[in-house]
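Student: Mind looking over this structure? Questions follow.
The values are calculated or read from the model by the stated rules, or taken from the named source; none is laboratory data. Because the structure is a prediction, the values reported are computed rather than measured. Here the Cβ positions follow ideal geometry from the backbone for every residue, glycine too, while neighbour counts run over all protein chains shown. For accessibility, only protein heavy atoms count, side chains too; no ligands or nucleic acids. Shrake-Rupley method; radii C 1.70, N 1.55, O 1.52, S 1.80 Å.
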Amino acid sequence: MFEVTSASQSDIGRVRQINEDSVLEAGNLFAVADGMGGHQAGEVASGLALAVIGQYIEDNLGLIGGEKLVEKAISSANAAVHQKAASSSKYRDMGTTVTLLYREGDTAYIGHVGDSRAYLYRGGALRALTRDHSLVAALVEEGEITEEEARVHPQRNIILKALGLEPQVEVDVVSVKIEPGDVFLLATDGLTGLVDDASIGEVLASADEPVAAAGRLVDRALEAGGPDNVSVVLVSFKGSETLVPSREARAYRPAGDEVPGAEGSGGKGGRRRTTRWIIAAAVAALLVAGAVGVAVYFYNQTYYVGARDGMITLFRGFPFWDLGMVERRTDTSVRFLPDALRRRVEGKLEPQSRAEAEETLESLEREAARNSVYVPDVLGKKFSQARADLEGLGLRVESVLVSRPNIAAETVIEQSPLPGARVGVGTQVTLEVVMPGAPAKEV
Ligand code: CA
């Protein structure tokens, strides 16, 4: 097949105090990640993301493959970074980009989130395999600014998507059929923000081995000032003569099977045909029975999160054609989720294992908890105290003055919604408050 050689280099650069980039070369997996966040959180985010991705791929080898494996590995890294970020204030808002190459046979799967990049150098030409999820890339695509302007744009560091910022992330995955001579480059923006594609192509053309090319690429970024951490991973695929099968593969034909049309005519042939049809029908029936068994098996192993009666719900089974059974309905309403997420949950999330689906459910409940409160009981309280209690929880307060002859002025006598109701942050609570002064008569 291929003789694979790779090299990676990660340099702190000339300005930064710490290196928040991480790189990975492990078997068929290669990756760069560019972390962000205060103090050393970025370093934690990029390191954690690559560790989770490596572990996920190792754990799921042979179970799932290709595009799905890459997507799920990156999604699980997203969840891990997001969870870590929520665990402590020192990690709050941390995140990381990730760009990886996972090779399966003669296919390279490129997974990507953020503004690190993957390139393919083939036949003397450099081709970008990823699209930056950055503000300037969006501006370039919309024709607002040019590539050259993007390179020096004041907002060039703003990225629109990264791992860890949201409970779920959409992952770009593309696949490339590998050809002998292909060289793949993964790099953080510490390289690509300073060294243009033409210079990268020049280095790759001049270097035979990944180690030399990686060193020269990092040198170019440092020569350009090295304002950021610089990380590169190079993977080279050369054709390997010794492993190419020497004989041509021959079309397989089972013994005893006859070429159609070459069969003898008459009763004997007819009976044989009939017998074969009976056997074929029996085999088909067995296959169908087998497929049903397999389907039942997968049905029982498949879970997904969706909505039932407006509540976030865990289902078992297949999400299509409403084939899922309610496994557990939470008492958390989908309306406490941010709009985009709510729509996705209502449209059913993708199937997962039970453990994954439970995790998804929990992260959705946490998200809903952040956006909702239980209305406290303020009946009988003085209005100023009731208002402070409600506003302290992020609720808005409206008061309606009413007269009640035998109740102290400013006492809250009605509230809507009622105590214990779960409402979104910012919801208005209406209070009926006893009017001060001596009323003439009741309202
Ligand atoms: Ca960077």
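Student: Using a 10 Å cut-off on Cβ atoms, rank the peptides 14-22, 230-238, 178-186 from the highest mean neighbour count down.
Tutor: Values: 14-22: 17.9, 230-238: 25.2, 178-186: 20.7.
Highest-to-lowest ranking by the protection proxy: 230-238, 178-186, 14-22.
Student: If you count only protein heavy atoms with a 1.4 Å probe, what accessible area per residue comes out for the chain, rounded to a whole Å²?
Tutor: Heavy-atom accessible area per residue stands at 54 Å².
Student: Then there's this: From the square roots a ≥ b ≥ c of the eigenvalues of the alpha-carbon gyration tensor of the range 117-248, which class results: rounded (a/c under 1.5), prolate (a/b over b/c), or oblate? Spell out each step's value before the answer.
Tutor: Numbers: a/c = 2.18, a/b = 1.53, b/c = 1.43.
Here the range 117-248 falls in the prolate category.
Student: Further question on the same structure: Could you work out the relative contact order of the range 301-370, using alpha carbon pairs under 8 angstrom and six or more residues apart, expressed as a whole percent?
Tutor: 38
Student: Too long at a 32 Å Cα-Cα cut-off: which of Lys84/Lys238; Lys68/Lys238; Lys90/Lys161; Lys84/Lys348?
Tutor: Lys84/Lys238
Student: At a temperature of 10 °C and a viscosity of 1.306 mPa s, determine how fast the range 301-370 diffuses translationally according to Stokes-Einstein, using the Kirkwood radius over alpha-carbon pairs as Rh; express D in µm²/s, rounded to the nearest whole number.
Tutor: Approximately 137 µm²/s, per Stokes-Einstein.
Student: At a Förster radius of 56 Å, what calculated FRET efficiency corresponds to the Cβ-Cβ distance of Ser403 and Arg92, to the nearest 0.05?
Tutor: Values: r = 49 Å, r/R0 = 0.88.
For R0 = 56 Å, the calculated efficiency reads 0.70.
Student: Can you tell me, using C-alpha contacts under 8 Å and at least 6 residues apart, the relative contact order of the range 2-251 as a whole percent?
Tutor: 28
Student: Any idea what the dipole of the chain comes to, in debye rounded to 20, about its Cα centre with Lys/Arg Cβ at +1 and Asp/Glu Cβ at -1? Don't skip to the answer; put the middle values down first.
Tutor: Details: 46 positive and 62 negative charges, 387 e Å.
Value, rounded to 20: 1860 debye.
Student: Is the shape of the range 1-144 rounded, prolate or oblate, going by the alpha carbon gyration tensor and its root eigenvalues a ≥ b ≥ c, with a/c under 1.5 for rounded and a/b larger than b/c for prolate?
Tutor: Note, shape of the range 1-144 comes out oblate.
Student: Answer rounded, prolate or oblate for the chain, using the Cα gyration tensor with square roots of eigenvalues a ≥ b ≥ c: rounded when a/c is under 1.5, else prolate when a/b is larger than b/c, else oblate.
Tutor: Judged from the Cα gyration tensor, the chain comes out oblate (a/c at least 1.5, b/c at or above a/b).
Student: Something else: Rounded to the nearest 20 Debye, what is the dipole magnitude of the range 373-434 about its Cα centre when Lys and Arg each give +1 and Asp and Glu each give -1 at the C-beta?
Tutor: The calculation lands at about 40 debye.
Student: Of the options Met325, Ala340, Ser363, report the single residue whose Cα projects farthest towards the positive end of the charge dipole of the range 301-370 (beta-carbon charges: Lys, Arg +1; Asp, Glu -1).
Tutor: Ala340
Student: Please give the length that would be gained between Glu346 and Glu141 if that part of the chain were fully extended, namely 0.36 nm times their separation in residues minus their C-alpha to C-alpha distance (nm, one decimal).
Tutor: Gain on stretching Glu346 to Glu141: 70.7 nm.
Student: Another question, if that's okay. Per DSSP H run of at least 4 residues, take -39500 (n - 2.57); add these up for the chain, divide by its residues and hand me the 222 nm value, nearest 500 deg cm²/dmol.
Tutor: Details: 11 runs with 153 residues, N = 443.
Rounded to the nearest 500, the figure is -11000 deg cm²/dmol.
Student: Given a cut-off of under 8 Å on Cα pairs at least six residues apart, what relative contact order in percent is computed for the range 50-180?
Tutor: Answer for the range 50-180 is 31 percent.
Student: Determine, for each peptide in 375-383, 347-355, 39-47, the mean count of other beta carbons within 10 angstrom over its residues, then list the peptides with the highest first.
Tutor: Highest mean packing first, the order is 39-47, 375-383, 347-355.
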